[in-house]
Amino acid sequence: MSDALDTAAKPIKKPKRVLPEHFKSYKGVWVFIEHEHGHPHPVSWELLGKGRELADKLGVELAGVLLGGTGGEVAALVKDVGAYGADLCYVARHPVLDDYRNQPYTLGMTELVNTYQPEILLLGATTQGRDLAGSVATTLLTGLTADCTGLDIDPGDRSLLSSRPTFGGSLMCTIVNLATRPQMATVRPRVMPMPARVPDRPLRVVEHALQLDESAIVTKVVDFIPDARADKPQLPFADFIVSGGRGLGKPENFALVESLARTIGAEVGASRPAVHAGWAEVERQVGQSGKTVRPKLYIAAGISGAVQHRVGMEGADVIAGINLDPEAPIFDFANYALIGNVTELLPALEQAFARRLAAARTRRANPAEETV
Amino acid sequence: MHIAVCIKQVPDSAQIRVHPVTNTIMRQGVPTIINPYDLFALEEALRIKDRTAAKVTVLTMGPPQADDALRKCLAFGADEAVLITDKVFSGADTLATSYVLAAALKTLDAREPVDLVFTGKQTIDGDTAQVGPGIATRLGYQLLTYVSKIRELDADSRRILVERRAEGGVQVLESALPAVVTMLEGTNEIRFADMPGMFRAARQEVERWNRDAIGVDLAKVGLKGSPTVVAQVFGPKPKAVKAFRVAGDTPAAMAEAFVDRLFADYPHLEEAMLEHLEQVDRQGAKE
Amino acid sequence: MEKFDVIVVGAGPSGNAAAYTLARAGLSVLQLERGESPGTKNVQGAILYADALEKIIPDFRDSAPLERHVAEQRMWLLDENQSCTGATYRDARFSQEPHNRYTIIRARFDRWFSGKVKDAGALVICETTVTELLRDPAGKVIGVRTERAQGDILADCVILADGANALLGERAGLRPRVKAEDMALAVKEVIFLPRETIESRFNIADTQGVVIEIAGNITHGMVGTGFLYTNRDSLAIGIGCMLADMKRQSLTPCQLLEGLKRHPAVQPLIEGAEMKEYSAHLIPEGGYRALPQLYGEGWLVVGDSAGFVNAVHREGSNLAMTSGRFAAETLIGLRQAGKPFTAANLAAYKRRLDDSFVMADLKKYQGVPELLHDHPHILGTYPRFLGDAAREALTVDGEPKRDKQKRILGELTRKRSVLGLLGDAYRFWRAFR
Ligand SMILES: Cc1cc2nc3c(=O)[nH]c(=O)nc-3n(C[C@H](O)[C@H](O)[C@H](O)COP(=O)(O)OP(=O)(O)OC[C@H]3O[C@@H](n4cnc5c(N)ncnc54)[C@H](O)[C@@H]3O)c2cc1C
Ligand SMILES: Cc1cc2nc3c(=O)[nH]c(=O)nc-3n(C[C@H](O)[C@H](O)[C@H](O)COP(=O)(O)OP(=O)(O)OC[C@H]3O[C@@H](n4cnc5c(N)ncnc54)[C@H](O)[C@@H]3O)c2cc1C
Ligand SMILES: Nc1ncnc2c1ncn2[C@@H]1O[C@H](COP(=O)(O)O)[C@@H](O)[C@H]1O
């Protein structure tokens, strides 16, 4: 009863209307710049890329919003905010903001919004972005669209069009907020392309002083245990991915995927059934309820190409599908169709790639031979 | 200690089909389930109950049929169940949903003070992960999202120590009750109800609360209270070009043909792959 | 430990009929169902015969989820040469109220029926599988054991309404194992089509529906039939064959169903539809000769579990509901007379069945399963022949009709001797008499 579900079934005709006058005082596109222990989350840069596009359509400024402690990290990040395309950067520094915590960040963010009144506020759909967005939107009593995969501007009334999967990913829906400002959205990492980094672009910095008091903040960070990077797959940022699905049939066959991946230096991905069957770790699941990836090459082996998988990988530059079934949905959006048995094709591909790469290596090592 | 668990009944989205031509949802016969993420929240609450004899009340805002979902929770071991149901609540987005749930929790709290509220990480139909933060913000409770473990909980000192999934690591947070905890998936496994539990669930009364019971402002609930609206629904767009079908009589021939074609179409891929492999080699050598 | 007057195992049509009737009469009833909710595990075409339900819930039409009333019945013989011969029976009287047969979607129907059972006062518990019957040292059934912890429950009588597999009775040694020869395996798909498309393709209006029963070579010579029913905005299409045949021919039910869906007579009717659910289920088709013991000390068996299916007319749910009602009424009668639920007293249940259409029909068709089994050409040769004959007769090619008829007859007698033909005719007549 309470969700996109019932409304989404019958598309509501968007009422044509003039937006209230007081909306005009809300101007500009904001992107929340997320960082944790000195590491910026790349989704912030992806959002600046998209935000630039939206701001240009609206003819307004694009701003990055940085909250953080008084150490050196924030200063280092400000440069990047400019480099990735923002016109200005709001900075709020306070010792209370050293680590991300919901309460002080919500206080800071809502104060900034109330002071400078942006029309759009974008955050990454990460654990931090979603934690903060929910509280900020509730405090501001404004609408928030979560986990978006597409953003655009309605040329008619200049409102934000946020698209996201619905019904378990089977369909997409576009959500608008005609009632309140700012319009808020969280966006999935790796869905928007990473913009080019242009160092030394001009950037205005607006420092905002926050009155915060540590004794009023209830929750304390006792410890932070960083993920050991080495043993966690970095799927979202891999350039090459070989993924296996239910079509592999048994765990032994999943080894074929791993083997091809090793040969071409790819990360291993998996469809949900392959993860459920225990052939691959949860971190390797690609799709709606797994990771979104944007590799240069994605090889899908024994994966049918269900929408829930597709939304996680269709941003890949090149997609090759291996499937017995010529009618498999994967071929509706793949670039290459290899129709055949995975158990035969995966080893064959491994050989073909190995030969080809070996030849290229020799060529590189002895560039002279080429002219001979 | 009194723990409230918010659960939602959702259509089993694994069984939802979209008509390929008309893009309409075929809901007929789609079974409903308890939002799978909420079961982790419920189980966590029940484990606390097992340890400390806490009282667990489950709440849901939903249509009358959501009664089934609440009864299942009773069978698992929840003590009481409240169905928040009223025609005016329907069509709510997360802002309006958290308003109603917060109002209901206040009502519950007035009857028997609530120390801890659990929600799932997110729902599989709304998928927003916003209702938990929304409830905490409205009630002024501490918010602990994406919790993977409750390390310590002490009702007397009102202290709670949790592990929270953050970006790039795990935050260990110390906080105070009352708090809202949104539970991460995979943290525990819901128990199998015993027969006495099934009997209790079948017989027990599920309380029903409407707008009057929780005293809400009608402008803030349901469709009216929801700033976001769905403007359009559409299916995934087919790519303009169909996949190129790689020919070959044998798997080996097909593989060769593919690799040739791939690198001819995208020469930079070969370069990138080589460079990446060299980098991997270098790293391997270092370790 | 919990104790009830009666425990009903299963929430299909037979169990629901029994539990409803008992609860209305004021007995304390517990119904246990292993499915997530009543109907989730059930597979049926499905045609609902109004009469049996009317006797239990006279005003069921006011609230039951009925898809369409049957306005037209088609019987088709399909052959592998891609032809279809058949008969259509449409009768305006079928569309006059009260209607006699409806298409239903079991999941919905069972849920509705179960709601009625609850309203009548029975305690219904789902997601709970009964694993065995509890018996006292003398062998009397005194309750059930479920798979759940602390799962034993007592009752004065247990009604076995657990469907075709009938595992409970078998495990308790109350009946022999169901034989593969007596079982059909049916597969079914529900496929989605917009309402308007269904109505124009089948030439029907508002709540009218069409039922197509299909025989012929779609079953690859095995004993079995197919069907295609219209729901409101979906179609049910399925095919069933004797389990033993399927094992022998090593054909999977899906292959058969795919064959049926591709047949040129069927394909245009389902064109563009999307599959919604696929399910497979057993049907006890052994008929009268395969009936097990129907009652004993503290127990009764009803519906598919007892083998009450009329395969020829594809009736099952009506026999299930009727037997469920009889079982309940028997218990109610005994309770009112202050008599215990002993085997001797429960024999009254069997007498009620014997005096009703249930046994009468089962007896009438008792020869059919064997006939079809021993003479598979009935489903193979004749459809092919009929198809060929019709094509010959309908092809306008300048050949005199008399010559055509002669050749057709010649063709038939070549495939089957005249004596064989006569024999078939006789057997048919006897079986269906
Ligand atoms: C709410 C929700 C969230 C979901 N989230 C995700 C998600 O994040 N990620 C995800 O992947 N799925 C997700 N799913 C599941 C998704 O709907 C599909 O079920 C899933 O992607 C299918 O996985 P698959 O392609 O491996 O298996 P299948 O669909 O079974 O496909 C297997 C394919 O292998 C082919 N094949 C079989 N044998 C061979 C062979 N020997 N050689 C070559 N090909 C062969 C078959 O033709 C078939 O196309 C989600 C579903 C729901 C409802
Ligand atoms: C494809 C197909 C088409 C059919 N078409 C028609 C038709 O058009 N018209 C018609 O009248 N009949 C039809 N039938 C037959 C009809 O479906 C059955 O005769 C009828 O469902 C029998 O009802 P029942 O209550 O005896 O058994 P079921 O409906 O099978 O119900 C048995 C119930 O018991 C439950 N159960 C089983 N074991 C246990 C246990 N150990 N513990 C707890 N619960 C248990 C099961 O989950 C199930 O819900 C068809 C059957 C099939 C398979
Ligand atoms: N209608 C509702 N009734 C009760 N709890 C809900 C409801 N909607 C959401 N929740 C809770 O909030 C969590 C997050 O939901 P969502 O923001 O929709 O992803 C869920 O896991 C539930 O615990």
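The values are calculated or read from the model by the stated rules, or taken from the named source; none is laboratory data. Because the structure is predicted, anything quoted here is derived from the model rather than measured. Positions of Cβ are backbone-derived with ideal geometry, glycine not excepted, and every protein chain shown enters the neighbour counts.
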Response to the item:
Of those in the stretch A:194-211 that are more than 14 Å from A:L77 (Cβ to Cβ) and in contact with a Leu (Cβ under 8 Å, 6 or more places away or on another chain), the residue surrounded by the fewest Cβ atoms within 10 Å (Cβ to Cβ) is A:R204
Worksheet entry | helices (runs of 4 or more DSSP H) contained entirely in the stretch C:319-396, each with at least 1 residues that are at pLDDT below 80 and polar (S, T, N, Q) | C:377-394
Discussion item. Tally up the residues in the stretch B:140-162 that are at the interface with chain A (Cβ under 10 Å from one of its Cβ atoms), over 18 Å from the mean Cα position of the chain (by Cα) and not in a loop (DSSP other than H, G, I, E, B), please.
Written reply: 5
Discussion item. Quick check on this structure: which one of C:E196, C:E181 is in a helix (DSSP H, G or I) and modelled with pLDDT under 90?
Written reply: C:E181
Worksheet, complete the sentence: Across (1) more than 9 Å from every other protein chain (Cβ to nearest Cβ); (2) of a type outside the set (S, T, Y); (3) part of a loop (DSSP other than H, G, I, E, B); (4) in contact with an Asp or Glu (Cβ under 9 Å, 6 or more places away or on another chain), B:K242 clears everything bar (1)
Worksheet item: Would you say C:A186 is at pLDDT below 95 and more than 26 Å from C:D79 (Cβ to Cβ)?
Response: no
Fill in: Condition broken by A:D157, with the remaining ones in (1) touching a residue at least 40 places away in the same chain (Cβ under 8 Å); (2) in contact with a Cys (Cβ under 9 Å, 6 or more places away or on another chain) satisfied
(2)
Worksheet item: Which number in (1) in contact with a Lys or Arg (Cβ under 6 Å, 6 or more places away or on another chain); (2) outside the structural domain of C:A25 (by TED's automatic domain parsing); (3) in a loop (DSSP other than H, G, I, E, B) marks the one condition that C:E72 misses?
Response: (3)
Worksheet item: How many residues, within the stretch B:257-287, are within 29 Å of A:A337 (Cα to Cα) and of a type in the set (G, A, S)?
Response: 3
Response to the item:
When every residue in the stretch A:110-143 that is under 21 Å from the mean Cα position of the chain (by Cα) and farther than 17 Å from A:P189 by Cα is compared, the one farthest from the other protein chains (Cβ to nearest Cβ) is A:I120
Worksheet, complete the sentence: Checked against (1) within 11 Å of ligand 1 (Cβ to nearest atom); (2) farther than 19 Å from A:E344 by Cβ; (3) in contact with a Gly (Cβ under 9 Å, 6 or more places away or on another chain), A:G244 satisfies every condition except (2)
Item to complete: Just one of (1) buried (at least 16 other Cβ atoms within 10 Å of the Cβ); (2) away from ligand 1 (no atom under 16 Å from the Cβ); (3) assigned to a loop (DSSP other than H, G, I, E, B) trips up B:E185, so point out which.
Response: (2)
Discussion item. Among the residues in the stretch A:37-46, are any closer than 19 Å to A:V221 by Cα and assigned to a loop (DSSP other than H, G, I, E, B)?
Written reply: yes
Fill in: Extreme residue, farthest from ligand 1 (Cβ to nearest atom), among residues of the stretch B:1-49 that are modelled with pLDDT of 90 or more and closer than 30 Å to C:L235 by Cβ
B:Q9
Worksheet item: In the stretch C:145-153, is there at least one residue being within 9 Å of ligand 2 (Cβ to nearest atom), assigned to a loop (DSSP other than H, G, I, E, B), at pLDDT 95 or above and within 14 Å of chain B (Cβ to nearest Cβ)?
Response: yes
Worksheet item: Do any helices (runs of 4 or more DSSP H) lying entirely in the stretch A:262-372 carry at least 2 residues that are closer than 24 Å to B:H276 by Cβ and away from ligand 2 (no atom under 16 Å from the Cβ), and which ones are they?
Response: A:307-313, A:342-365
Worksheet item: Among strands (runs of 3 or more DSSP E) lying entirely in the stretch A:154-257, which contain 1 or more residues that are aliphatic (A, V, I, L, M) and more than 22 Å from the chain's Cα centre (by Cα)?
Response: A:204-207, A:220-226
Fill in: Every pair of residues 6+ apart whose Cβ atoms lie under 6 Å, when the first sits in the stretch A:345-359 and is more than 20 Å from A:A300 (Cβ to Cβ) and more than 7 Å from every other protein chain (Cβ to nearest Cβ) while the second is charged (D, E, K, R) and in a helix (DSSP H, G or I)
none
Worksheet, complete the sentence: Per the filter on the stretch B:118-134, residues on the phi < 0 side of the Ramachandran plot and of a type outside the set (V, I, T) are B:F118, B:G120, B:K121, B:Q122, B:D125, B:G126, B:Q130, B:G132, B:P133, B:G134
Fill in: Which listed residue is out of contact with any Lys or Arg (no Cβ under 8 Å at 6 or more places or on another chain), surrounded by 19 or more Cβ atoms within 10 Å (Cβ to Cβ) and among the small types (G, A, S), from C:G307, C:G298, C:G286, C:G272
C:G307
Worksheet, complete the sentence: The residue that is nearest to C:T88 (Cα to Cα), considering only those in the stretch C:204-223 that are part of a loop (DSSP other than H, G, I, E, B) and touching a residue at least 40 places away in the same chain (Cβ under 8 Å), is C:I204
Response to the item:
If we keep only residues of the stretch B:107-137 that are in contact with a helix residue (DSSP H, G or I) (Cβ under 7 Å, 6 or more places away or on another chain) and closer than 15 Å to B:I214 by Cα, then the residue farthest from the other protein chains (Cβ to nearest Cβ) is B:T107
Worksheet item: Out of the stretch C:43-94, which residues are within 27 Å of C:M321 (Cβ to Cβ), away from ligand 2 (no atom under 15 Å from the Cβ) and of a type in the set (V, I, T)?
Response: C:I57
